[in-house]
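Working notes for the structure below.
The values are calculated or read from the model by the stated rules, or taken from the named source; none is laboratory data. Fair warning: this is a prediction, and the values are worked out from it, not measured in the lab. Cβ placement follows ideal geometry from the backbone for every residue including glycine, while neighbour counts extend to all protein chains displayed. All accessible areas refer to the heavy atoms of the entire protein, side chains included, with ligands and DNA or RNA removed. Shrake-Rupley method; radii C 1.70, N 1.55, O 1.52, S 1.80 Å.
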Amino acid sequence: MSRTPQQAYAELIRREKERALINSSAALLAWDERTCMPRSGASYRAEQLAYLARLAHEMLTDPITGDLLAEAAELPAAQQSHSPEAAVLREIRRAYERAKKLPRSLVEELARATTLGQQAWEQARRTNNYASFRPHLERIVQLKRQEAEAVGYETSPYDALLDEYEPGETFENLRKLFAGLRQELGQIIGEVQATNRTPRRDILERDYPIPLQEVLARSAAVAIGFDFEAGRLDVTAHPFCSSVGPRDVRITTRYNPRHFAPAFFGVLHEAGHALYEQGLEPEHFGTPLGTPCSLGIHESQSRLWENQVGRSRPFWEHFFPRAQQMFVESLRDVTLDEFVFAINEVRPSLIRVEADEATYNLHILIRFELEHALITGDLLPADLPEAWNEKYRQYLRLTPPDDAQGCLQDIHWSAGLFGYFPTYTLGNLYAAQFMEKARQDLPNLEEQMRRGKFLDLRDWLRENIHRHGQRYRAAELCRKVTGRGLSWEPFLTYLRNKYAQLYGIKAPSVSQPKPAVAKKK
């Protein structure tokens with residue numbers, strides 16, 4: 001069949017949008033599985049998801065995809081490196097070439113194993129029974145190793161898995177980055193601890209009725225721009241954001257009636273993800289122009305709203321009076337300063353999602369090192385609990401009392417998400433650098449936040465980051481938005497400024513060095 005390049009491009013887009021229908025159906029089934037599916041439905045749900053994964057894989061790897069890519073490459077616009085067409089072809093080609101290397105049976109079995117694995121993880125975490133989850137983890141690790149071998153790599157099999165989330169990134173580059181960041185964070189943490197200042201910790205661990213927590217969290221999500229006409233908020237064991245369609249983005253959280261922070265900041269975090277998804281151009285849903293840039297950029301959006309905004313004093317100058325009205329008994333004797341100090345306390349803890357901003361990246365480093373060892377075979381799943389506990393003793397000087405608060409606390413490995421964890425730290429770095437630029441472009445931003453006005457910031461992010469989809473790779477997008485490559489200096493400056501006010505540590509100096517992250521390919 002003879003096609004013009006334009007016709008080939010149009011057919012390629014049509015097929016991508018059709019494949020998106022399959023993937024969005026799988027996303028809906030996965031959301032249901034983690035929120036309201038009867039537990040006994042897990043085995044059949046695994047078969048449903050495995051079937052859809054096979055269909056999507058077959059459609060992507062059909063030889064016609066390669067033909068269409070070759071024909072569409074003749075488009076004049078495809079020769080322009082920053083054109084939408086060039087970006088679309090680049091990213092579809094990348095997905096096609098990766099998918100071609102994966103046997104259909106492996107794709108299907110991974111979908112089946114991870115669906116069952118997530119159900120097993122949830123039960124194991126609830127009952128503190130790692131032994132019941134271990135066979136599932138062993139199977140998933142085995143399959144992910146097969147995936148890495150099929151995809152191929154130059155140095156480490158972990159690189160093949162990491163590349164799915166951060167194109168071009170490598171274990172060795174991140175190892176060097178995290179080692180330097182750990183040293184800098186250790187200095188800040190040491191200075192904070194040397195002050196011997198502590199907030200009133202009991203403030204956040206009082207009676208916070210769940211219905212009222214939900215009302216406050218929903219109002220905060222609305223204030224920062226989350227559209228409940230195109231999304232919803234539900235409860236799950238491990239919070240997540242799921243994009244089901246161009247006007248259907250769902251977030252979840254988990255509530256603790258005796259702890260305020262996890263649910264509220266969890267909603268802000270997931271709403272940050274959702275704002276990115278809702279900010280993509282809907283007409284491009286299912287194509288690279290309607291797909292987030294990378295997981296590191298995605299995490300930058302969640303961490304920006306959760307921390308850079310949600311833990312700031314201006315944010316609470318607006319929301320604290322409302323919180324006091326709702327939680328009268330719990331916050332009656334609490335001042336704004338005491339509350340802001342409490343939600344920003346630097347204190348090593350066992351649970352990643354409850355960690356403060358200074359120690360959070362140590363949790364990521366632990367997982368990064370452990371999952372790399374699992375994939376390379378240097379660590380067996382049978383030895384994971386003790387290896388986990390030893391890392392916590394080494395990095396945070398804490399020992400988990402049980403596996404539920406240790407190696408069972410995260411859902412990621414049960415879902416096969418090896419290579420995902422490092423994107424949280426990359427997200428922290430991107431978030432600080434983006435927020436630094438946003439403050440320059442929106443000089444009255446803090447005053448707006450004091451008045452509960454957050455949509456200018458949402459729109460700034462939408463204009464500069466969300467709407468581009470995958471038109472730019474992460475490093476290129478960072479440079480386009482901020483004028484320079486990714487650096488950890490804005491993040492460290494942000495932490496020092498915050499802790500100078502709360503703890504009285506030394507504020508950053510203008511002569512502070514500005515180490516940059518190695519450029520990605």
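Per-residue answers, yes or no, for (1) open to solvent by 10 Å² or more (accessible area, probe 1.4 Å); (2) within 30 Å of PHE264 (Cβ to Cβ); (3) over 24 Å from the mean Cα position of the chain (by Cα):
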position	(1), (2), (3)
GLU164	yes, no, no
LYS176	yes, no, no
GLY180	yes, no, no
GLY186	yes, yes, no
GLY190	yes, yes, yes
THR195	yes, yes, yes
ILE203	no, yes, yes
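Kindly indicate which of LEU457, LEU445, LEU429 is at pLDDT 95 or above, within 21 Å of ASP159 (Cα to Cα), buried (at least 16 other Cβ atoms within 10 Å of the Cβ) and among the aliphatic types (A, V, I, L, M).
So the residue among LEU457, LEU445, LEU429 that is at pLDDT 95 or above, within 21 Å of ASP159 (Cα to Cα), buried (at least 16 other Cβ atoms within 10 Å of the Cβ) and among the aliphatic types (A, V, I, L, M) is LEU429.
Just checking, how many residues over segment 249-284 are part of a strand (DSSP E or B) and buried (at least 18 other Cβ atoms within 10 Å of the Cβ)?
The number of residues fulfilling the criteria is 5.
If a residue has to be modelled with pLDDT of 95 or more, in a loop (DSSP other than H, G, I, E, B) and surrounded by fewer than 19 Cβ atoms within 10 Å (Cβ to Cβ) to count, how many in segment 218-239 make the cut?
Summing the residues that are modelled with pLDDT of 95 or more, in a loop (DSSP other than H, G, I, E, B) and surrounded by fewer than 19 Cβ atoms within 10 Å (Cβ to Cβ) in segment 218-239 gives 1.
So, in segment 285-317, of the ones that are among the aromatic types (Phe, Trp, Tyr) and touching a residue at least 40 places away in the same chain (Cβ under 8 Å), which residue ends up nearest to GLY272 (Cα to Cα)?
That would be TRP305.
Out of all the residues in segment 185-194, is one or more under 30 Å from ALA99 (Cβ atoms) and not in a loop (DSSP other than H, G, I, E, B)?
Checking segment 185-194: not a single residue is under 30 Å from ALA99 (Cβ atoms) and not in a loop (DSSP other than H, G, I, E, B).
Considering only segment 460-473, how many residues are open to solvent by 10 Å² or more (accessible area, probe 1.4 Å) and touching a residue at least 12 places away in the same chain (Cβ under 8 Å)?
The qualifying residues number 9.
Within segment 318-362, restricting attention to residues that are free of Cβ contacts under 8 Å to residues at least 24 places away in the same chain and outside any loop (DSSP other than H, G, I, E, B), which residue is least open to solvent (accessible area, probe 1.4 Å)?
The residue in question is PHE320.
Would you mind telling me which numbered condition in (1) modelled with pLDDT of 95 or more; (2) open to solvent by less than 20 Å² (accessible area, probe 1.4 Å) ALA95 fails?
The failed condition is (2).
Any residue in segment 393-401 that is of a type in the set (Lys, Arg), part of a helix (DSSP H, G or I), open to solvent by 30 Å² or more (accessible area, probe 1.4 Å) and under 28 Å from GLY225 (Cβ atoms)?
No.
Could you pull out the residue among TYR158, TYR153 that is among the aromatic types (Phe, Trp, Tyr) and open to solvent by 10 Å² or more (accessible area, probe 1.4 Å)?
Going through TYR158, TYR153 in turn, just one is among the aromatic types (Phe, Trp, Tyr) and open to solvent by 10 Å² or more (accessible area, probe 1.4 Å): TYR153.
Do the conditions hold for ALA20, that is, is it touching a residue at least 12 places away in the same chain (Cβ under 8 Å), open to solvent by less than 40 Å² (accessible area, probe 1.4 Å) and within 17 Å of LEU110 (Cα to Cα)?
When the stated conditions are applied, ALA20 does not pass them.
Take the conditions more than 25 Å from ALA432 (Cβ to Cβ) and either under 12 Å from the mean Cα position of the chain (by Cα) or of a type outside the set (A, V, I, L, M) (or both) and apply them to HIS298. Does it pass?
The answer is no for HIS298.
Just to be sure I understand, how many residues within segment 285-317 are assigned to a helix (DSSP H, G or I), more than 22 Å from GLU357 (Cα to Cα) and not small (Gly, Ala, Ser)?
2
Please state which of the following conditions ALA70 fails to meet, knowing it meets all the rest: (1) closer than 18 Å to LEU289 by Cα; (2) surrounded by fewer than 20 Cβ atoms within 10 Å (Cβ to Cβ).
(1)
If you go through segment 402-423 one residue at a time, how many are in contact with a helix residue (DSSP H, G or I) (Cβ under 7 Å, 6 or more places away or on another chain) and part of a loop (DSSP other than H, G, I, E, B)?
Result for segment 402-423: 13.
Can you tell me how many residues in segment 54-92 are within 27 Å of LEU110 (Cα to Cα), among the small types (Gly, Ala, Ser) and either at pLDDT below 95 or not in a helix (DSSP H, G or I) (or both)?
Going through segment 54-92 one residue at a time, the tally reaches 0.
Report every pair of residues separated by at least 6 positions or lying on different chains whose Cβ atoms are under 6 Å apart, first residue within segment 485-507 and in contact (Cβ under 8 Å) with a residue 60 or more places away in the chain and within 14 Å of VAL192 (Cβ to Cβ), second open to solvent by 30 Å² or more (accessible area, probe 1.4 Å) and outside any loop (DSSP other than H, G, I, E, B).
From segment 485-507, the pairs are LEU492/GLU184; LEU502/PHE341; ILE505/GLU191.
Could you list all residues from segment 98-121 that are open to solvent by less than 60 Å² (accessible area, probe 1.4 Å), over 12 Å from ARG54 (Cβ atoms) and not aliphatic (A, V, I, L, M)?
Across segment 98-121, the qualifying residues are ARG98, THR114, THR115, GLY117, GLN118, GLN119, TRP121.
From the residues in segment 1-53 that are under 23 Å from ARG232 (Cβ atoms) and small (Gly, Ala, Ser), which one is modelled with the lowest pLDDT?
Step by step, filter segment 1-53, then rank; the result is ALA42.
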